[in-house]
Amino acid sequence: MKETILLLALTFFMIAIGLLLYRSIVGPTMPDRAIALDTIGVNIISAIAIVSIILSTTAFLEAILILGILAFIGTIAFSKYIERGVIVERKGDS
Amino acid sequence: MLNVKEILEWIAVLSVLLASIISMISAFGMIRLPDVYTRSHAATKSSTMAVLACLSGAFIYFWVHDGYVSVRLILGIVFVFITAPVSGHLVTRAAYRARVPLAEGSGDDALKPVLFGDEQTSPTITADNVDKHE
């Protein structure tokens, strides 16, 4: 029963990721795609937590931290590129 | 019969189910809302809530079922809770400065004459906004 509920929750997260994938493909502007990709990363974190409950292992919990950090840094890079046109600003020349 | 362990495991599992339902609502908001700003409202707030509920459920489940207090899950909860609103704010700020237009039927845009001023805005809208805010 508990495992059935967990699989149902995993299915809901996968449906949410599919809808967000639609938004990140057809999104009219670039910030739409950035927000959709950030939310996809957050949903993948939740899905990893559910999978590690179902398999009753704690080996996947590092992946949660790594994905959180990667989603945050990726979103910051996207937003800086959208706002300024460059990611790494070099002072001085250019 | 249910003992305390069973009850806490059920609380964890139902918290995960609630998180998945909140995430579905967030995804439907991302599909149906009209422009970037309302979509970032849907994506940021409710998906932060969803991942908090899901990771808290996983933490309670591992604590009760295995007796394993996972510091990594606590770190993940704190990190996501700090960084998700920050990234939503950054993307929305970049979208406004990259001149993504607001949806039809949005209210009065008070930031536009302050930020862009005289450049590239149509003079009727600018005069209208300035009149309202003086």
Legend entry - Set B:75, B:18, B:90: member being closer than 22 Å to residue A:47 by Cβ, within 7 Å of chain A (Cβ to nearest Cβ) and part of a helix (DSSP H, G or I): B:75
Inset, instruction - For region B:52-59, indicate whether the set of residues that are polar (S, T, N, Q) and more than 7 Å from chain A (Cβ to nearest Cβ) is non-empty. - result: yes
Inset, instruction - For residue A:89, state whether it is in a helix (DSSP H, G or I) and at pLDDT below 90. - result: no
Legend entry - Subset of region B:14-28 that is out of contact with any Leu (no Cβ under 7 Å at 6 or more places or on another chain) and small (Gly, Ala, Ser) - its residue that is surrounded by the fewest Cβ atoms within 10 Å (Cβ to Cβ): B:15
Inset, instruction - Quickly run through region B:93-122 and pick out the residues that are within 13 Å of chain A (Cβ to nearest Cβ) and either crowded, with 16+ Cβ neighbours inside 10 Å or among the acidic types (Asp, Glu) (or both). - result: B:94, B:95, B:96, B:98, B:100
Legend entry - Single residue of B:4, B:51, B:36, B:16 found to be in contact with a helix residue (DSSP H, G or I) (Cβ under 6 Å, 6 or more places away or on another chain) and farther than 23 Å from residue A:10 by Cβ: B:36
Inset, instruction - Please work out if residue A:15 is part of a helix (DSSP H, G or I), surrounded by fewer than 18 Cβ atoms within 10 Å (Cβ to Cβ) and β-branched (Val, Ile, Thr). - result: yes
Legend entry - Enumeration of residues in region B:41-64 that are in contact with an Asp or Glu (Cβ under 9 Å, 6 or more places away or on another chain) and over 16 Å from residue A:44 (Cβ atoms): B:44, B:60, B:61, B:64
Inset, instruction - Find the residue count for region A:1-56, including only residues that are farther than 23 Å from residue A:69 by Cβ and among the small types (Gly, Ala, Ser). - result: 4
Inset, instruction - For region B:1-15, enumerate the residues that are of a type in the set (D, E, K, R) and more than 10 Å from every other protein chain (Cβ to nearest Cβ). - result: B:5
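The values are calculated or read from the model by the stated rules, or taken from the named source; none is laboratory data. Keep in mind the model is a prediction, meaning the values are calculated, not measured. Cβ sites come from the backbone with ideal geometry, for glycine too, and all protein chains shown count toward neighbours.
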